[in-house]
Amino acid sequence: MKFKDKDTFVETGHDSTVDDKPVPGLVYTFTRVKSEPPVPNKARLKDLEFLIGGWEAENNDGGTTQWSFNWSDNKNAIVNELITKGPDGETISATKALLAWDTANRRHSNWWVDEMGNAHSYIWNKTGDKTWKVWRVGATGAGVVTHVDKDTWELDWGNAKSQFKRKPIQ
């Protein structure tokens, strides 16, 4: 083994077999470069930690929208569930999603499957200290998520704005 510099070493050697058969003169070279360890996905979700818990917003029709956010077991994703209820308290729709760091595309993404089995993808981009812009993949327009305080956040889609208040969700 020979160090080229403090972060790189090269090993050259001889191997006498390939598939358990002797091969005279077979030489190999192995180069290893030290790299920084990858940032864990849970560290990339730190700025979205304010969402953890149960939330509720009142709808214009007298119903409610309940949204719960919980850490996955390894804290590498945030599992979320959205329930819309009518004025009578009856569930109109319920969907589940996963919010995580998308390592392939290097961005925060939210993947939804609605009650009809349709899949939706959203891209989250931090645009300010407490503000996130959210785009639905394949659709025009975007929403804005604003962290107001420890007990409030807002979702503004332009044509609809909801203020979510912290509330335990059963």
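Please enumerate the residues belonging to segment 136-150 that are in a loop (DSSP other than H, G, I, E, B) and among the hydroxyl-bearing types (S, T, Y).
First pass over segment 136-150, keeping only residues in a loop (DSSP other than H, G, I, E, B): 137-141, 150.
The one that is in a loop (DSSP other than H, G, I, E, B) and among the hydroxyl-bearing types (S, T, Y): T140.
If T140 satisfies all but one of (1) over 17 Å from S68 (Cα atoms); (2) of a type in the set (S, T, Y); (3) in contact (Cβ under 8 Å) with a residue 12 or more places away in the chain, what's the number of the condition it fails?
Evaluating T140 over (1) over 17 Å from S68 (Cα atoms); (2) of a type in the set (S, T, Y); (3) in contact (Cβ under 8 Å) with a residue 12 or more places away in the chain leaves (3) as the failure.
Could you please let me know if R106 is surrounded by 14 or more Cβ atoms within 10 Å (Cβ to Cβ), under 16 Å from the mean Cα position of the chain (by Cα), modelled with pLDDT under 95 and farther than 30 Å from D5 by Cα? Can you show your working first?
Numbers: surrounded by 14 or more Cβ atoms within 10 Å (Cβ to Cβ): no; under 16 Å from the mean Cα position of the chain (by Cα): yes; modelled with pLDDT under 95: yes; farther than 30 Å from D5 by Cα: yes.
Here the answer is no, as R106 does not meet what is asked.
In the set L82, L99, which member is over 14 Å from the mean Cα position of the chain (by Cα) and under 21 Å from A119 (Cα atoms)? Working first, answer last.
Values: L99 fails: over 14 Å from the mean Cα position of the chain (by Cα).
Answer to the selection: L82.
Using the structure shown, decide if G89 is on the phi > 0 side of the Ramachandran plot and at pLDDT 95 or above. Before the answer, list the steps.
On the way: on the phi > 0 side of the Ramachandran plot: yes; at pLDDT 95 or above: no.
No, not satisfied.
Please verify whether segment 118-135 includes one or more residues that are touching a Ser or Thr at 6+ places or on another chain (Cβ under 8 Å), closer than 18 Å to E56 by Cα and either free of Cβ contacts under 8 Å to residues at least 24 places away in the same chain or in a strand (DSSP E or B) (or both).
No, there is no match, as no residue in segment 118-135 is touching a Ser or Thr at 6+ places or on another chain (Cβ under 8 Å), closer than 18 Å to E56 by Cα and either free of Cβ contacts under 8 Å to residues at least 24 places away in the same chain or in a strand (DSSP E or B) (or both).
Looking at the structure I just gave you, is W124 at pLDDT below 95 and aromatic (F, W, Y)?
Details: at pLDDT below 95: no; aromatic (F, W, Y): yes.
When the stated conditions are applied, W124 does not pass them.
Tell me, which residue of segment 42-84 that is closer than 18 Å to D156 by Cβ and part of a helix (DSSP H, G or I) is most open to solvent (accessible area, probe 1.4 Å)?
F50
Output the residue which, of all residues in segment 151-168 that are out of contact with any Lys or Arg (no Cβ under 7 Å at 6 or more places or on another chain), of a type outside the set (F, W, Y) and part of a loop (DSSP other than H, G, I, E, B), is modelled with the highest pLDDT.
Residue satisfying both the conditions and the ranking: K167.
The values are calculated or read from the model by the stated rules, or taken from the named source; none is laboratory data. The structure presented is a predicted model; accordingly, all values stated were derived computationally and were not measured. Every residue, glycine as well, gets a Cβ built from its backbone with ideal geometry; the counts of neighbours run over all protein chains shown. Each accessible area value is taken on the protein alone, full model and side chains, heavy atoms only, with ligands, DNA and RNA left out. Shrake-Rupley method; radii C 1.70, N 1.55, O 1.52, S 1.80 Å.
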